[in-house]
Structure formats: structure tokens, C-alpha cells
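Here is the structure we will look at, set down as C-alpha cells.
The numbers here are math on the coordinates, done by the rules we state, and not lab data. Quick caveat, the model's predicted, so the values are computed rather than measured. When we count neighbours, we look across all protein chains shown, and the Cβ atoms used for this are built from the backbone with ideal geometry, even at glycine.
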Amino acid sequence: MNTPDSRRVRDLVYETLASEGRAPSVAELARRTRSTTEATQKILHELAEAHALVLTADGDAVRMAHPFTAAPMAFVVTPLDGHDDRRWWGGCAWDSFGISAALDLDVRIDTACPQCGTPIAYQAGPRLPPPAELAVRFPRPAGEWWDDVVATCTMIRTFCDRGHAERWTADNAPGGGYIAEAATVWRLAGPWYGDRLDPGFQPHSREHNQRLLDECGLTGPFWRLP
Ligand SMILES: [Zn+2]
Ligand SMILES: [Zn+2]
């Protein structure tokens, strides 16, 4: 995002995901920025290097631009306003709250509990916290999130309650991960993602984001950002 061109590409990716729930193609980005596909591809790789977005494994398409994802994942985010027919895939429990925060929108979030398979639907919004009983499990420490961020998001899931998250952990990853209240993750998603669509958005510093985690009580080695 260091140049006006890369800023424009980044903003177009976010605008398209926000308004249409899909990522623009490289050719589309090139056309809309009056550039070449080669130059656009180079910018996308630079943005990915800077963690401003995530490309597909083959590197030729946008896979995620947090909190948005271009491909189906475990969460569907739907506006509570029935006249608003936009829909988004939520990359994870946290990102689903992040979409609500970035769009300043009350939403319904649909997913399923990984332990019991029961569908879970809940509402959340900028001023509307999710139900108190829901739990969110983070699979790996903050220092490892970006080792494979798509895999990380894939595993940040909502469970019926803490008991189901604990049982899932005991059966699948004994001693691993961190179980938080969904309301804590919701509280974190506000300031973490709320400014992503702002015209003047600037990436948060590591210190800034560490403070956001601290303020939600997410402290200790597990939550230390790299
Ligand atoms: Zn369950
Ligand atoms: Zn995520």
C-alpha cells in the first residue's frame, strides 16, 4: 500500500468484497486501474507479502482480504435487514464479527459446531453482542497465525458452548489452542476490523494490535504477536 497504485488495488479488492461478496479478478483490477495484468499481479504479490490480503496457492487470485474471504468457509454472514440481499462467507468466527464491524451492520451468522455438528445461528452487530454461551476456539498461538493464515482461519470456529470446545480439543488436539467467549472475540473484532473499509485506512502497527488483544484480556504467550 506504499504507492497510490497499490492503494487503489487494495481498496478495489475490499470494495468489491464488501459490496458483492466476491473478489475481483486480476484482469478486472487491471482494467479498473488502467494498468496491465502483469503490473497488477506484481502489486497483489506485494500486498500479500505485507499481509494486506491473501492470494490463492497458485498466486493468481485473491483468496482472502480479512475479514472477507473469496471462497466458501464455515460461516455465512447475512444482513439482519431482509431487504439487503448481500451475503458473505466468513473466514472464521472472528472474521464473521469483523464483517459486521467493517460494514457497521447487524448480521446473522450461520455455522455449525465442530464437536456435535449442530447448526448454530446467532445475531451480532456493532452494538449487539453474540449470545453469552457461545465459545470460540483459536487453534494456534498468534505468533503462528500467518504461517498459514487460511488454515488458521479455517480452524477458528464457534462451538455451542465451552464444554463442546473442550471436548473437541481433548479428542482432536489435546492441550492445544485457546477457548474464548464469543463475546470476547466480538469485542476484539470491533476495533481490529472496524476501520478496514475506511477511506483513510492504515494498517495497524504490531503494538496497536497487541494493545487491542490486551484490552480484551487476551494476554500471555499465546497472544503475543510476532
Ligand atoms: Zn456443539
Ligand atoms: Zn479469520
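How would you classify segment 75-218 from its alpha-carbon gyration tensor, with a ≥ b ≥ c the square roots of the eigenvalues: rounded for a/c under 1.5, else prolate if a/b is greater than b/c, otherwise oblate?
The shape class here is oblate.
Over what distance in Å are the Cα centres of segment 97-132 and segment 147-199 separated?
Cα centres, segment 97-132 to segment 147-199: 12 Å.
Among HIS66, VAL77, ALA50, which residue has its Cα positioned farthest towards the positive end of the charge dipole of segment 26-80, with +1 placed on the Cβ of Lys and Arg, -1 on the Cβ of Asp and Glu, and the dipole taken about the Cα centre?
So the residue we want is VAL77.
Roughly how many debye, to the nearest 20, is the charge dipole of segment 75-218 about its Cα centre, given +1 on each Lys and Arg Cβ, -1 on each Asp and Glu Cβ, and no other charges?
Here the size comes out at about 160 debye.
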